[in-house]
1. Quick check: anything in region 85-102 assigned to a loop (DSSP other than H, G, I, E, B), under 24 Å from His372 (Cα atoms) and under 21 Å from the mean Cα position of the chain (by Cα)?
2. Would you point out which residue out of Thr65, Thr15, Thr60 is open to solvent by less than 10 Å² (accessible area, probe 1.4 Å) and either of a type in the set (S, T, N, Q) or touching a Cys at 6+ places or on another chain (Cβ under 7 Å) (or both)?
3. Pick from region 103-135 the residues that are among the aromatic types (Phe, Trp, Tyr) and not in a loop (DSSP other than H, G, I, E, B): which of them is farthest from Ala40 (Cα to Cα)?
4. Is one or more of the residues making up region 250-263 free of Cβ contacts under 8 Å to residues at least 24 places away in the same chain, within 28 Å of Asp113 (Cα to Cα) and either open to solvent by 50 Å² or more (accessible area, probe 1.4 Å) or in contact with a Cys (Cβ under 9 Å, 6 or more places away or on another chain) (or both)?
5. Scan region 274-290 residue by residue and report those that are of a type in the set (D, E, K, R) and more than 16 Å from His338 (Cβ to Cβ).
6. Give the residues of region 375-392 that are open to solvent by less than 20 Å² (accessible area, probe 1.4 Å) and within 16 Å of Val224 (Cα to Cα), sorted by residue number.
7. Do we have any residue at all in region 142-161 that's loosely packed, with under 14 Cβ neighbours inside 10 Å, of a type in the set (A, V, I, L, M, F, W, C) and at pLDDT 95 or above?
8. Which one of the conditions (1) more than 30 Å from Ser281 (Cα to Cα); (2) among the small types (Gly, Ala, Ser); (3) at pLDDT below 95 does Ser197 fail to meet, given that it meets all the rest?
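The values are calculated or read from the model by the stated rules, or taken from the named source; none is laboratory data. Computed from a predicted model, the values in this text were never measured in an experiment. Using ideal geometry, Cβ is built from the backbone for each residue, glycine included, and neighbour counts are taken over all protein chains shown. For the accessible areas, the whole protein counts, side chains as well, though only heavy atoms, and no ligand, DNA or RNA atoms are used. Shrake-Rupley method; radii C 1.70, N 1.55, O 1.52, S 1.80 Å.
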Amino acid sequence: MEAHKKYDNIRALSTVCIFIGLVAFMVALFFGFQERAWHAYLLSYFYFILLPLGALFFITVQHTTKAGWSVHVRRLSEAITAYLPVACVLTLPLIYGAFSLYDWLDADKIAKDSLLAHKTPYLNLPFFLIRLGVFLGGWLFFAKKLVSFSLKQDQDGDLKWTHKSMKYSIAFLFFFALSLSLFSVDLLMSLDAHWFSTIFGVYVFAGLFQTIFAVLILLSAWLVRQNKEKYNSLINENHLHDMGKFLFAATVFWAYIAFSQYMLIWYANLPEETTFFIPRSKGVWSIVSISLILFKFVVPFLILLPRQVKRSWQMMVPISCLILLMQFMDLYWLIYPHFDAAFPRFSWMEGGIFLAFFGVFIRSVFSFLYKHSPVPLKDPRAQESLAHHVTY
């Protein structure tokens, strides 16, 4: 009864968020802010679709490496993938809005721009839609298979589901590496079709890698808070410590890739590459750039260094929230200079549309958790997770 009441509260919150977001989006579209509305839509769309992809990556790595420590955390990742089918549906409006986002869909601009014309064999609407279909279809296929194996094992405890999960996980990792890179190029890098970076996909992955552990920490904290007696032994400070170490590693990895991308472009000093960083290093955009360095790397890096911090829910929850905020800022930094290279724009449009996606996301995740056990019931490595103890 209590669980049903909590789910009703979450559902009510999600409904309010979705309503506010829809109103903001409609007002923006029909009152002269069409281009900005679609940029805001792309920003929130990409932010939230990375979460189930990050969860799938986490799940498949755990299966591939036969990890035991993460069994009780893994179901939370499976819950996050429940948003993926909804994200696929939310791709349809983005396709309609693509004509307000991408210059390579404008025939007049293509006719006047030889470089855009040169890239039309790849950047054209039919091929773009085919790629989207392949990526989304592949991600849905693997998510459905892996989650169904886990839920079936809850019923019969058969070891075959663990073996099947490993095989599908290996296949997914190969598919994921290519699909995420091309998906990032299609939706983000092609906003400026003149610019290119050979490690852009890796940069997006670094943000995904950092973000998913922040979300897992927050969901774990929520679960433990709901029933300390039941879940505190299943997801304890040792599990938190390992997630904290992954979060720390992801933070360093993001900084390394971000610096590598900047350094390679800076010392080459080629006009077709520097066009990306020049507007982001001027005026108010330079403040946004500096804030990313400080609050997505320096501050989390310094806070996460001590061992005791990574074992404290009170410390890990706020630092996870900071990282999620800076991931939004990072994607904003990637997308919005295309809309206004002179000055950052943020108002009720961006906030409202984000609320709509947030409402859909939390409803998807918590609906899954309401219907299924928050931890695997008969996983053969459950005992290893229960006895997990970090000594370093």
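1. no
2. Working: Thr65 fails: open to solvent by less than 10 Å² (accessible area, probe 1.4 Å); Thr15 fails: open to solvent by less than 10 Å² (accessible area, probe 1.4 Å).
Within the list Thr65, Thr15, Thr60, the selection yields Thr60.
3. Taking region 103-135 as the starting set, the residues that turn out to be among the aromatic types (Phe, Trp, Tyr) are 104, 122, 127-128, 135.
From the residues that got through so far, the ones that are not in a loop (DSSP other than H, G, I, E, B) too are 104, 127-128, 135.
Details: Trp104: 19, Phe127: 24, Phe128: 20, Phe135: 22 Å.
Across region 103-135, the extreme among qualifying residues is Phe127.
4. So far as region 250-263 goes, yes, one or more of its residues are free of Cβ contacts under 8 Å to residues at least 24 places away in the same chain, within 28 Å of Asp113 (Cα to Cα) and either open to solvent by 50 Å² or more (accessible area, probe 1.4 Å) or in contact with a Cys (Cβ under 9 Å, 6 or more places away or on another chain) (or both).
5. Of everything in region 274-290, nothing turns out to be of a type in the set (D, E, K, R) and more than 16 Å from His338 (Cβ to Cβ).
6. Matches in region 375-392: Val375, Pro376, Ser385.
7. No, there is no match, as no residue in region 142-161 is loosely packed, with under 14 Cβ neighbours inside 10 Å, of a type in the set (A, V, I, L, M, F, W, C) and at pLDDT 95 or above.
8. (1)
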